[in-house]
Structure formats: structure tokens, C-alpha cells
Amino acid sequence: MEMLVLMFVCGLAVATLVFWPLLHRAQRKAAETQQPEAAPRGKHALGAAAAPAAGTETAEKTEGEGEKTDREGEPTQPVKIDEAIAPQPREPEPMVMPEIPTDIFEARYQAKFNRSKRRLERLRSEISKAG
């Protein structure tokens, strides 16, 4: 009995040590998702504050800044994206279904079935004669 109580207490302690931090992490993440205006934190967010959002620069801003150059000193061309190219939906390809053999019963079990059927008929006839 003492061993059972000791096992229960040990299991409860392990479950508490494992699941308690997970519960707090889930609650913290839920609270963070409810406040989207909060600034991002952590190392991954350091570069996001310095870099402008993609697509916010217009053609007028890039033309007014002068000519940009790459590392070799050659002028770079601004990349213009007219429209996003959506992939075309593919036509469904016909799937080849294998034919299921319908003569499995005849090939494997017909002889055994017939023997069992004759035996049952013979036993019925013997029982009807005796009764």
C-alpha cells in the first residue's frame, strides 16, 4: 500500500514538473497573441525594426535617392513586381485503379464450401432418419 502511495506521489511530482511550465508558456503565448500592438521581442526582432516593410518604397522615393550601387560599384536595377503570378490549377490526372479479382471465392474456397455443404446435408439426412 505504501508503495502505491509513493508511486502516486512520484507521478504527481513528475507531472507537475513537466506540465506546469507548459501551462504557463501556453497562457503567456495566448496573452501575447491577444495584444498584437506590442513590439516584438527577442533576437529575431532586432532586424525587423531597422528594415522597412517590403513594398513600402515607391518608385518616386527610389528615383529621388539617386543611383544605388552594389559592392562592385555597378548600378543596381530596382526590382519591379507587376503582379503576383498565381500557379495555374492542375487538371486532375486519372488514377488507374487495379481490378480486384472477383473469382477469389471460386478459386480458393468453392471446393471446401461444397464439401462442407455435402457433409451438412449428409448429417441432416442421418438426423432425420434417426428421429
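The values are calculated or read from the model by the stated rules, or taken from the named source; none is laboratory data. Note that this is a predicted model, so its numbers are computed, not measured. Cβ coordinates were reconstructed from backbone atoms using ideal geometry, including for glycine residues, and neighbour counts include every protein chain displayed.
If a residue has to be at pLDDT 65 or above, out of contact with any strand residue (DSSP E or B) (no Cβ under 7 Å at 6 or more places or on another chain) and either among the charged types (D, E, K, R) or not in a loop (DSSP other than H, G, I, E, B) (or both) to count, how many in region 65-106 make the cut?
Residues meeting the conditions: 11.
Keeping to region 1-53, report how many residues are in a helix (DSSP H, G or I) and modelled with pLDDT under 75. Write out each step before concluding.
Filtering region 1-53 for residues in a helix (DSSP H, G or I) gives 2-34, 43-50.
Still in the list and also modelled with pLDDT under 75: 43-50.
Of the residues in region 1-53, 8 are in a helix (DSSP H, G or I) and modelled with pLDDT under 75.
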